[in-house]
């Protein structure tokens, strides 16, 4: 019994040892920054891509929000973005507005700066536009124009800045949407979560923890049987007085 229990538990010993060591060095291995791309594993975890919230075209580029992830063409700009207000072209940059920030992006998709507009505006951004080369934001019923260096926003009237062009959202073409969906799935399951679930058995849903409980009982049985065998053998080998 001791032999067969030991042979049967080898795979679980190796699994628990490897995943335990990996979790002990999770930060060194950057497990939380690596993501699983296997289609069947993503399907097993039910990783689904939400419908795009909004998308804007600007200077032959596209800015899109899927879930809470913001994309510039096929590059991820930022995550935890609650909403996409709009995107416009200004000298040297593309300005992308969320309700609380303005992101300055170069034409090649590099994020240069993220401006927290809550220190300038009394409320959230409801629209972003451009009047010539001037960046204009709307918050509530008030317009705000940015200075030349984009260091501050001051209240203004449309007559002060001239005609303002407000971008309109557009649908993402099917081929571009397929690329974004693949990118989204690629960050849907971190390697750290997979290792944790393997270590705890949760990867096998409800039966997984029960299976590891059974393995734990087997380990206890192996320990007790091994101790009893050692005591019995030690007793038999002891010389008689």
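The values are calculated or read from the model by the stated rules, or taken from the named source; none is laboratory data. Computed from a predicted structure; not experimentally measured. Here Cβ is always computed from backbone atoms with ideal geometry, including for glycine, and neighbour counts include all displayed protein chains.
Okay, here's what the table says:
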| item | result |
| --- | --- |
| Test: residue 92 is farther than 23 Å from residue 172 by Cα and not assigned by TED's automatic domain parsing to the domain that holds residue 162 | no |
| Filtered residues of the range 68-111 (kept if closer than 24 Å to residue 152 by Cβ, in a loop (DSSP other than H, G, I, E, B) and touching a residue at least 40 places away in the same chain (Cβ under 8 Å)) | 85, 91 |
| Any chance residue 28 is touching a strand residue (DSSP E or B) at 6+ places or on another chain (Cβ under 9 Å), at pLDDT below 95 and exposed (fewer than 13 other Cβ atoms within 10 Å of the Cβ) | no |
| Residue in the range 187-202 that is at pLDDT 80 or above, over 29 Å from residue 50 (Cβ atoms) and not in a loop (DSSP other than H, G, I, E, B) present | no |
| Some residue of the range 60-67 being in contact with a strand residue (DSSP E or B) (Cβ under 9 Å, 6 or more places away or on another chain), within 22 Å of residue 126 (Cβ to Cβ), modelled with pLDDT of 95 or more and part of a loop (DSSP other than H, G, I, E, B) | no |
| Odd one out for residue 222, checked against (1) modelled with pLDDT of 85 or more; (2) in contact with a helix residue (DSSP H, G or I) (Cβ under 7 Å, 6 or more places away or on another chain); (3) more than 24 Å from residue 84 (Cβ to Cβ) | (1) |
| Residue match in the range 169-186 (condition: touching a strand residue (DSSP E or B) at 6+ places or on another chain (Cβ under 8 Å), assigned by TED's automatic domain parsing to the domain that holds residue 118 and exposed (fewer than 13 other Cβ atoms within 10 Å of the Cβ)) | yes |
| Selection within the range 39-50 - at negative phi and within 16 Å of the chain's Cα centre (by Cα) | 42, 45, 47, 48, 49, 50 |
| Unique match (being over 22 Å from residue 50 (Cα atoms) and touching a helix residue (DSSP H, G or I) at 6+ places or on another chain (Cβ under 6 Å)) among 106, 117, 100 | 100 |
| Residues located in the range 1-25, provided they are outside any helix (DSSP H, G or I) and at pLDDT 70 or above | 25 |
| Lone qualifier among 115, 128 - being farther than 30 Å from residue 37 by Cα, modelled with pLDDT of 95 or more and either touching a strand residue (DSSP E or B) at 6+ places or on another chain (Cβ under 7 Å) or surrounded by fewer than 19 Cβ atoms within 10 Å (Cβ to Cβ) (or both) | 128 |
| Residue count, the range 133-168 (criterion: in contact with a helix residue (DSSP H, G or I) (Cβ under 9 Å, 6 or more places away or on another chain) and either under 21 Å from residue 63 (Cβ atoms) or not assigned by TED's automatic domain parsing to the domain that holds residue 72 (or both)) | 7 |
